[in-house]
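None of the figures in this text is laboratory data; all of them are computed from the coordinates on show. Note that the structure is a prediction, hence the values are computed from the model and not measured. Counting neighbours? That spans all protein chains shown, and the Cβs are built from the backbone with ideal geometry, glycine included.
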Amino acid sequence: MIIGTFDGIIILLFGIGINAFGLYVRRNPTFTWQASESWKTKGDGEPSDAYISSMRFRGAVALWIGSFVMVMGILNLL
């Protein structure tokens, strides 16, 4: 029974981590562009609206997946 409890806690923590990542991407969608693409532009370039929208969508998907994983972790603890 201890192993099942440990698995549930790990799954729950993994879900919390996915939710934190999704929330960060949702609130700050340009961070990854600044880290990976900004050096390729000359001057003061900015990401396109399509890029920002797609990153916000990815953040929302990560929040949904993280919530599902958290529920599975809670159900595993019961």
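What to note about this one:
- Note on the chain: enclosed helices (runs of 4 or more DSSP H) holding 1 or more residues that are under 20 Å from the mean Cα position of the chain (by Cα) and of a type in the set (D, E, K, R) are 2-27, 49-77.
- Within the set I10, I18, the sole residue that is loosely packed, with under 14 Cβ neighbours inside 10 Å, in contact (Cβ under 8 Å) with a residue 12 or more places away in the chain, of a type outside the set (S, T, N, Q) and in contact with a helix residue (DSSP H, G or I) (Cβ under 9 Å, 6 or more places away or on another chain) turns out to be I10.
- Close Cβ contacts (under 7 Å, 6 or more residues apart or on different chains) running from residues in the stretch 25-49 that are within 29 Å of W64 (Cβ to Cβ) to residues that are surrounded by 11 or more Cβ atoms within 10 Å (Cβ to Cβ) and of a type in the set (V, I, T) comprise P29/I52; T30/I52; P47/T30.
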